[in-house]
Amino acid sequence: MSNSLGKMRSRAAVVDLTAGTVAYEDTPPEVVRSYLGGRGLNIAYLYKMLQPNVDPLSPDNVLILGTGALTGTGAPNSGRFNATTKSPETNLLGDANCGGFFAPKLRYSGIDRLIIKGRARHPSILKVEDGTVTIEDARAYWGMDIYEIDTALHNDYGQSIEAVTIGPAGENMVRFACVMTGIKNAAGRGGTGAVMGSKNLKAVVAAGGPGFEIQDPDSFVALNEELKKYLTNSMVVKVLGRVGTPLLYEVSNHLGTIRTRNSQDSQFEDTLNAEVIHEHIDKMISCHSCIVHCRHRNTYKGEGPEYTTVGLLGANLCIADTANVIRLNNLVNRLGMDVSSVGGVLSWALELYQRGIIDDSITGGPIEFGDYDLADRLIRSIAAREGFGDVLADSSQAAERLNDPECNYLTAIKGLPQSDPHDCRYIKAFALGIATASRGADHLRSRPTLEVFDLPPELLREIYGADVDRDPTSYLTKEIVVATHENIYSIVDSVGICKFICHGFNSPKLLKYDHFSQLLNAAFGASFSIDELKAVARRVVDLERAFINREGVRRPQDMLPRRYFDEPLPHGVAKGHHVDRDKFFEMLGRYYKLRQWDEDGMVPKSRIVELMAPWNGGKEAAS
Amino acid sequence: MADDSRGAIQIFRDPVAGFEYQAVCRLCEDPECVAACMAVALTLDRKTGQVLFDRNRCVGCAMCVMVCPHNAIVPDRRAGKAILCDQCVGRDKPACVAACSTGAIDFVETDDAVTKEMAGTRK
Ligand code: SF4
Ligand code: SF4
Ligand code: SF4
């Protein structure tokens, strides 16, 4: 018996920029039921629509901007969407979640998902209003940075619009350019902005429309108030709301696991501690419907920094001056790039130069760690694709030109530089998590921390459904830990809620499957059970894996950066720790088994037929 | 209908300039909106200081929208009516106060009138 969707609907607009046409469709109910929305529905569409081996920057690639099932309902922290495409940075899955205010507005404008293919003849904008998408001329906006385009669009289209945009980096197809909204929120990873640029699409403007129906507004509001009380009681929520993600810097630094000097070191200055950062902050602000408000407005005309920024543009480049790190953060956002890849690629080049693997003939002059002015210059030249910046703009794909064809000195997996500033040689579940993450070395797919917290054993058993090893350096049972976190995060990304209030993200409390089912059912009068949501979670993880399998990913691509195996950590609690190759591969093998993938990490054909069945109204016949 | 453009409180944000402005009814002592409303949809309760809104009488002319010095009235194009704060008469606590997670908005009774206290952009 399938569950009821109640008033839950999902409407897609399919835009062909080459032909200049827009078609509309209601996503089939069976597909909505199986993938919910956001990240889940996006991969369901991408898998179905994209041919294998397409050039990500060609008109054949598809860019999907999809709101979550609860986006804009007023549920806590429900302002999010996912941008999903084939990544020009990895040639695999590009999928990034983004907050801000755009996603609810897109939904209120009558469209839940924009599916964009082709390439416009000249710079264009999509305007969404009253359920209709129009393609408009954007030549006047081409060349503007993220701040300029945000201001210009509000002046020209009205103060109440919301928009996603690209900056110069996206226009120039820097392989780690982002789709952005506001001046800082980014669908950051995998080069979604480069795909937008390749399509000659400068912005999408959501101008408003009919809104959508909530089944019983009074009881839904009451549920949200109850959840607000429950969530704001949490310590993690309180601290995040006060100082934001930089709070994690000190933790990693203490352990001796903060990536420093391109991971040659693992401890750095305390000038990047959350409390020090806070002296440069004007106030904390938030995304739509958020009860946490983790974001900073800094005193240098920008928003941020996050933990990733202070780690990767600070410690990893050996830049200790707090104000300068925040300035770099603002610059990268203004140009519309992913801070993680910018930091990872820059530090890679700096080490290659330090080792004499590259020299002035390619860099155009000396480049050294700790040089703020140099970092500023290189960041600008990457966005403009000028000189050495043009090489770096290709991220891991510049490996040959940088004389490091195996990426021995780049902390990356599947071609994606690692986003977490945390060095994964110590906590083995982190190592497995970044290896199996469907979009490459990324911590927002799992980042499991609970098993090492001091939680009662019964609680741990309840969370993981098994007894797990609490030793962070143990390889045993970590496959269970990683899979559990991957599963629930695929749900929170599919309903359009922020990970910071999701169970497992640094807290054993927060929103769990039963809360997500309560919210969906109260908002739409649907009837999702906890088990059904767990089945959705496994579907999303499996289909993303099937997608990257189709693009060539096998076991050898689930490989950690060389340094994690070969070089023990130099400092702190983690001193001496590294990852053992054999134990890592055994752990990976256990993970595949748990996922019911084959030994080579492939999703079985029969499972793929099952995963695509909702497109045929639930029948598995046509594959 | 879920649609934040039809809320009685509108937040204007300018991330580039770095500010938020909360357009919310301040319950003026001598409300321009009441004076402007020809349909007598808006009235001032002199005892409590509350501005009362009779949606049935509203003809959607948007005069109140134009005269409100605080941008606190929103025209609902679809319904052809004004949207403004009704102070959640009948609820324990105004919905906005219940939903706010920062304590930025509160609803307090003062000696002479009912006043809405709000903290604007705070450092
Ligand atoms: S917790 Fe932070 S990132 Fe998440 S919705 Fe709130 S402000 Fe946005
Ligand atoms: S709606 Fe505007 S004019 Fe009327 S009482 Fe409120 S703030 Fe004053
Ligand atoms: S829009 Fe309605 S409430 Fe406002 S002035 Fe006109 S009739 Fe009166």
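The values are calculated or read from the model by the stated rules, or taken from the named source; none is laboratory data. In this text, all values refer to a predicted model and were calculated from it rather than measured experimentally. Using ideal geometry, Cβ is built from the backbone for each residue, glycine included, and neighbour counts are taken over all protein chains shown. Accessible surface is based on the protein model in full, side chains and every heavy atom, while ligands, DNA and RNA are left aside. Shrake-Rupley method; radii C 1.70, N 1.55, O 1.52, S 1.80 Å.
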Problem set entry | Span from the region A:402-436 Cα centroid across to the region A:489-534 one, whole angstrom | 29 Å
Exercise. In the protein assembly as shown, with Lys and Arg counted as +1 and Asp and Glu as -1 at Cβ, which of these residues, A:Gly370, A:Val221, A:Gly344, has the Cα nearest the positive end of the dipole, that is, farthest along it?
Worked result: A:Val221
For this session: Report, in deg cm²/dmol and to the nearest 500, the calculated mean residue ellipticity at 222 nm for the protein assembly as shown, where each DSSP H run with n ≥ 4 adds -39500 (n - 2.57) and the sum is divided by the residue count.
Result: -10000 deg cm²/dmol
Seminar exercise, completed: Residue by residue through region A:53-62, the couplings from Karplus 6.51 cos²θ - 1.76 cosθ + 1.60 with θ = phi - 60°, in Hz, x for Gly and Pro, are 6, 6, 5, x, 9, 8, x, 6, 5, 10
Exercise. For region A:113-179, what does the alpha-carbon gyration tensor say about shape, rounded, prolate or oblate, given a ≥ b ≥ c as the root eigenvalues, a/c under 1.5 as rounded, and a/b over b/c as prolate?
Worked result: oblate
Seminar exercise, completed: Projected onto the charge dipole of the protein assembly as shown (unit charges on the beta-carbon of Lys, Arg, Asp and Glu, signs +1, +1, -1, -1), the Cα from A:Tyr24, A:Asn403, A:His280 with the largest positive-side position is that of A:Tyr24
For this session: Calculate what fraction, in whole %, of the accessible area of region A:183-228 sits on carbon and sulfur atoms when a 1.4 Å probe is rolled over the protein chains.
Result: 48 percent
Problem set entry | Within chain A: Cβ-based charge dipole about Cα centre, in debye rounded to nearest 20 (Lys, Arg +1; Asp, Glu -1) | 1000 debye
Exercise. In region A:289-310, what residues drop by 20 Å² or more in accessible surface going from the chain by itself to the full protein assembly, probe 1.4 Å?
Worked result: A:His293, A:Arg297
Seminar exercise, completed: Nearest-0.05 FRET efficiency for A:Asp371 and B:Val67 at R0 = 41 Å, using Cβ-Cβ distance, is 0.10
Exercise. Sequence-distant or interchain residues sharing an amide H contact under 5 Å with A:Lys86, placed H: which?
Worked result: A:Val62, A:Gly94
Problem set entry | Residue list for region A:100-122, given a label point 7 angstrom along the Cα-to-Cβ vector of A:Met49 and an amide N cut-off under 11 Å | A:113-118
For this session: Under 1.5 on a/c is rounded, so check that first for region B:11-113, then, if it is not, pick prolate when a/b is larger than b/c and oblate when it is not; a ≥ b ≥ c are the square roots of the alpha carbon gyration tensor eigenvalues.
Result: oblate
Exercise. Got a sec? Which residues of region B:3-34 lose 50 Å² or more of accessible surface with every protein chain in place, vs. that chain alone, 1.4 Å probe?
Worked result: B:Asp4, B:Arg13, B:Pro15, B:Val16, B:Glu20
Seminar exercise, completed: For A:Lys605, the lysines lying under 27 Å Cα to Cα, once residues fewer than eight places off in the same chain are dropped, come out as A:Lys48, A:Lys86, A:Lys414, A:Lys478, A:Lys534, A:Lys593, A:Lys619
Problem set entry | Interface A:B - total buried accessible surface [probe 1.4 Å, Å², rounded to 100] | 2100 Å²
Problem set entry | Fraction of accessible area attributable to carbon and sulfur, chain B (%, probe 1.4 Å) | 51 percent
Exercise. How big is the charge dipole of region B:11-113 about its Cα centre, in debye rounded to the nearest 20, if each Lys and Arg gets +1 on its Cβ and each Asp and Glu gets -1 on its Cβ?
Worked result: 540 debye
Problem set entry | HN-Hα J in Hz across region A:447-460 - Karplus 6.51, -1.76, 1.60, θ = phi - 60°, x for Gly and Pro | 5, x, 10, 5, 5, 8, 5, 8, 9, x, x, 5, 5, 4
Problem set entry | Unmatched cysteines, chain B - criterion: no other Cβ of a Cys under 4.7 angstrom | B:Cys28, B:Cys37, B:Cys58, B:Cys61, B:Cys68, B:Cys88, B:Cys96, B:Cys100
Seminar exercise, completed: In nm, the gap between the two label points placed 7 Å beyond Cα toward Cβ at A:Ser160 and A:Lys619 is 4.7 nm
For this session: Of the options B:Val65, B:Ala79, B:Cys28, report the single residue whose Cα projects farthest towards the positive end of the charge dipole of chain B (beta-carbon charges: Lys, Arg +1; Asp, Glu -1).
Result: B:Ala79
Problem set entry | Amide H contacts under 5 Å for A:Ala412, placed H, 5+ residues apart | A:Gln418
Exercise. Accessible area, 1.4 Å probe, largest first: how do A:Trp615, A:Trp597 sort?
Worked result: A:Trp615, A:Trp597
Exercise. So what J values fall out for region B:20-35 if you push phi through Karplus, 6.51 cos²θ - 1.76 cosθ + 1.60 with θ = phi - 60°, rounded to Hz, Gly and Pro as x?
Worked result: 10, 10, 9, 8, 9, 4, 9, 6, 4, 5, 10, x, 5, 5, 5, 4
Problem set entry | Solvent exposure of the protein assembly as shown as accessible area per residue, Å², 1.4 Å probe | 37 Å²
Exercise. How about region A:162-217: which trypsin sites (Lys or Arg not before Pro) there lie in a loop by DSSP and see at most 12 other Cβ atoms within 10 Å?
Worked result: none
Seminar exercise, completed: Within the protein assembly as shown, the percent of DSSP beta bridges that are antiparallel, given to the nearest 5, stands at 85 percent
Exercise. Using alpha carbon centroids, what distance separates region A:123-181 and region A:547-583, in Å?
Worked result: 39 Å
For this session: Please label the shape of chain A as rounded, prolate or oblate, based on the square roots a ≥ b ≥ c of the eigenvalues of the alpha-carbon gyration tensor (a/c under 1.5 means rounded; beyond that, a/b larger than b/c means prolate, else oblate).
Result: rounded
Exercise. Could you give the distance between the Cα centres of region A:1-63 and region A:81-106, to the whole Å?
Worked result: 13 Å
Exercise. Can you give the charge dipole size of region A:314-429 about its Cα centre, rounded to the nearest 20 debye, using +1 on the beta carbon of Lys and Arg and -1 on the beta carbon of Asp and Glu?
Worked result: 360 debye
For this session: Beta carbons within 10 angstrom, averaged per residue: use that to sort the peptides A:83-95, A:50-62, highest first.
Result: A:83-95, A:50-62
Problem set entry | Cα→Cβ-extended label distance, 7 Å offset, between A:Ala323 and B:Cys28, nm | 4.4 nm
Exercise. Over region A:11-208, what is the mean sequence separation of C-alpha contacts under 8 Å (at least six apart), divided by residue count, expressed as relative contact order in percent?
Worked result: 23 percent
